[in-house]
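Below: one structure, written as structure tokens.
Bear in mind that the values in this text are calculations on the coordinates, not laboratory data. Note that the structure is predicted; figures quoted are calculated from it, not measured. Using ideal geometry, Cβ is built from the backbone for each residue, glycine included, and neighbour counts are taken over all protein chains shown.
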Amino acid sequence: MDRIYRYRMTTTSGGNLSIRDANGDIWVTPARVDKGSLRRDDIVCVRKDGSVEGLHPPSSELPFHQAIYSVRPDLGAIVHAHPVALVAFSIVGQVPDTRLFHQASKICGPGGFAPYALPGSAALGQKIADTFKQNFNCVILQNHGVAVGGTDLQEAFQRFEMFEFTAKTIIKASLLGEVHYLDDEHLALSKEDLSHFQEFDRDPADSREKETRRQLADFIRRGYQQRLLISKAGSFSARLGDDSFLITPHQLDRSVVELEDFVLISKGSCERGKVPSRATPDHRAIYRRYPQIAAIVNASPVNGTAFSVTDCPCDSRTIPESYVFLREVQKIPFGMQFGDGEELARRISPRNPIALLENDGVLVLGTSILDAFDRLEVLESTAEALINSRPLGKVAPMSELVIKELAEAFSLE
């Protein structure tokens with residue numbers, strides 16, 4: 001709940017979480033307790049026999065949690081909240097299409113819709129349960145918010161976060177033009193195959209590797225805090241040698257990554273006992289092609305990603321910093337990122353270090369970890385400014401004369 005509240009995905013009084021334990025007891029957030037200062041002791045236990053243990057009464061929404069659990073024995077946790085993008089969908093009677101991203105399609109599945117009923121009522125519980133009974137895991141509640149289920153609280157949260165990110169991106173992208181979604185052929189291209197990584201027994205890490213791990217962990221956490229990454233999407237890597245680098249592990253929650261979690265890649269093999277990010281072949285191909293590149297980021301900043309799902313170009317000729325850091329922002333066709341990385345490496349370069357991956361976020365190159373992260377921040381700020389300018393009028397990009405002046409002043413090739 002602290003995480004949901006901190007990222008403004010609910011309000012002080014809104015939302016509730018529950019966990020069903022192995023005994024069938026339900027642990028639920030309390031009624032009328034500040035969500036921003038919730039403590040472990042505040043959580044209420046509702047036993048199978050209906051008895052209640054805790055310092056407070058259980059959430060008034062407990063009946064719909066119980067109703068969902070009664071029809072979905074596979075679920076062990078439920079998140080209900082009022083994140084603004086999903087609420088926007090709920091008040092217009094629509095459901096975000098998760099086929100916007102292959103990760104959203106896989107993590108969330110299709111979204112469901114439950115008609116309105118009085119909060120806390122048995123009727124609401126029945127309507128929500130009826131929708132979950134159809135095997136939806138993410139359900140928009142008409143004029144109310146969203147309810148999301150998972151086998152545990154981590155999975156429920158990750159579905160909730162991805163569903164909200166998808167909704168935000170659709171709203172932002174709709175300001176730019178027609179929003180493009182993935183079809184069955186696209187989704188088939190994204191099927192994960194991590195079996196090609198061979199393993200090796202590694203030597204103890206030297207001081208350079210330890211420092212690189214620390215920097216990567218710091219910037220991954222910062223990226224998550226700034227909503228440039230989401231928990232189940234995004235990769236960050238840093239070069240160690242000619243054909244060795246560290247990269248984020250596959251599917252580990254980006255907000256809790258530790259130094260030892262990063263995976264060492266050497267000559268295309270990974271250190272034993274770890275599974276690296278599926279972006280590893282792309283990163284390796286880029287490092288091998290461009291010796292001056294020392295760090296690479298795959299990320300999902302909502303504004304930059306909005307450009308990736310439309311035909312609208314992300315024009316960096318807005319302010320001098322944007323053009324100097326980003327240069328010409330190109331778009332990579334969907335599916336290219338799932339190959340051996342060679343074609344992708346030919347499409348991006350130190351001269352043009354930024355790419356939008358069609359319906360899959362952004363790719364950023366840097367000469368250091370800091371440089372890559374800085375460019376990612378500039379990209380997101382530029383994209384947000386472009387989207388925010390839409391209601392104001394037509395963008396007036398910097399002229400060719402100004403661009404030429406910048407190129408000469410900053411030695412841009």
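Taking Rh as the Kirkwood radius computed over C-alpha pairs, what is the Stokes-Einstein D of the stretch 300-355 at 25 °C in a medium of viscosity 0.890 mPa s, expressed in µm² per second?
Answer from the Stokes-Einstein relation: 199 µm²/s.
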- Message: Give me P(r) over the chain, computed from all C-alpha to C-alpha distances, binned every 20 Å, as integer percentages.
- Response: 26, 52, 22, 1
- Query: lysines within cross-link reach of LYS48: Cα-Cα under 17 Å, excluding same-chain residues under 8 positions apart?
  - Reply: none
- Taking N as the number of residues in the stretch 2-174, what is its Cα Rg relative to 2.2 N^0.38 Å? 0.96
- Task: Multiply the residue gap between SER207 and GLN251 by 0.36 nm, knock off their C-alpha separation, and tell me the result in nm, one decimal place.
- Result: 13.2 nm
- Query: For the pair ARG222 and VAL402, how long in nm is the line joining their label points, each one 7 Å along Cα→Cβ?
  - Reply: 2.8
- Query: How much length is gained on full extension from ALA31 to SER60, taking 0.36 nm per residue of separation minus their Cα-Cα distance?
  - Reply: 9.8 nm
- Task: Report the full-extension gain for the segment ASN352 to VAL275: residue separation times 0.36 nm, less the Cα-Cα distance, to one decimal in nm.
- Result: 24.7 nm
- Query: If you project the alpha carbons of the stretch 274-393 onto their three principal axes, what span does each projection cover, largest first, in Å?
  - Reply: 47, 26, 26
- Item | Partner lysines for LYS267 [C-alpha distance under 22 Å; skip if fewer than 8 residues away on the same chain] | LYS210
- Message: Can you compute log10 of I(q)/I(0) for the stretch 201-409 with the Debye formula, treating each Cα as one identical point scatterer, at q = 0.12 Å⁻¹?
- Response: -0.59
- Placing each pseudo-label 7 Å from Cα in the direction of the beta carbon, GLN94 and ARG288 end up separated by a distance in nanometres of 4.4
- Classify the stretch 1-89 as rounded, prolate or oblate, taking a ≥ b ≥ c as the square roots of the eigenvalues of its Cα gyration tensor: rounded when a/c is under 1.5, otherwise prolate if a/b is larger than b/c and oblate if not. oblate
- How far apart, in nm, are two points set 7 Å out from the Cα along the Cα-to-Cβ line at SER13 and at GLN142? 2.5
- Item | the stretch 128-147 and the stretch 178-225: distance between their alpha carbon centers, rounded to Å | 32
- Based on the mean of other beta carbon atoms within 10 Å per residue, what is the order of 391-397, 361-367, most packed first? 361-367, 391-397
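Per DSSP helix of 4 or more residues, -39500 (n - 2.57); summed, then divided by the residues of the chain. What does that give at 222 nm, rounded to the nearest 500?
Computed ellipticity for the chain at 222 nm equals -11000 deg cm²/dmol.
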- Query: List the lysines whose alpha-carbon lies under 24 Å from that of LYS394, not counting same-chain residues fewer than 8 positions away?
  - Reply: LYS168, LYS172, LYS331, LYS404
